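So that we are looking at the same thing, I have put the structure below in structure tokens.
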Amino acid sequence: MNAPGPDRTLSRDFADFVDEAAFLRLIGGDAPDSARVRDVLAKSLAKEPLEPAEAAVLLRAGAPELVEEIFDAARRLKREVYGRRIVLFAPLYIGNLCVNDCGYCAFRASNPDSVRRTLSPVEVEAQVAALERSGHKRLILVFGEHPRYTPEFIADTVRRVAAVGPATARSGA
Ligand code: SF4
């Protein structure tokens, strides 16, 4: 049997970053009962990814004792997964084209002051080498959300970074 595909509740056809109406429906429901909240927490503590509707259950929980249980579960999960350590990543900005408009972000499409730039492959390699020379061991590759930054483009960039040296690369927007 095939594994279920990704949940597209919030982004049909992955055309929109977030379907705002669907998002508001999810977080605007009634406060969940404690059994439902604990079911979701158990799934999270089992390290199973939550569906958007399940994450919304946690966001709608209002009773102080439930909120404390959510914080407690988050602390336990963090300790289990990461232990007592702090990991630093150096951001490497690959490109700042973006079709979205998050108000806090300088990459937002409506920002008239942003100079739009995407690193060439040679520039990516030069930046990785420079970061490694200054002692960085982990990089986070940053892209805006834009049709130019296809999964293939991102995968090629990650491969290019990995080929330069031993730094661990992750990607994100
Ligand atoms: S880069 Fe990310 S945070 Fe910034 S506007 Fe685009 S989607 Fe929003």
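Go through the stretch 52-64 residue by residue and tally those that are part of a helix (DSSP H, G or I) and touching a Pro at 6+ places or on another chain (Cβ under 8 Å).
2
Please work out which one of (1) loosely packed, with under 14 Cβ neighbours inside 10 Å; (2) out of contact with any Lys or Arg (no Cβ under 8 Å at 6 or more places or on another chain) is the condition F153 fails and give its number.
(1)
Out of (1) over 30 Å from A46 (Cβ atoms); (2) within 16 Å of the ligand (Cβ to nearest atom); (3) at pLDDT 95 or above, the odd one out for D156 is which?
Exception for D156: condition (2).
Could I ask something else about it? One residue is enough: does the stretch 116-132 have a residue meeting the conditions at positive phi and open to solvent by less than 100 Å² (accessible area, probe 1.4 Å)?
no
The values are calculated or read from the model by the stated rules, or taken from the named source; none is laboratory data. Small disclaimer: the values here were computed from a predicted structure and weren't measured. For neighbour counting, all protein chains shown are included, and Cβ atoms are generated from backbone atoms with ideal geometry for every residue, glycine included. To get the accessible areas, we keep the full protein, side chains included, count just its heavy atoms, and leave off ligands, DNA and RNA. Shrake-Rupley method; radii C 1.70, N 1.55, O 1.52, S 1.80 Å.
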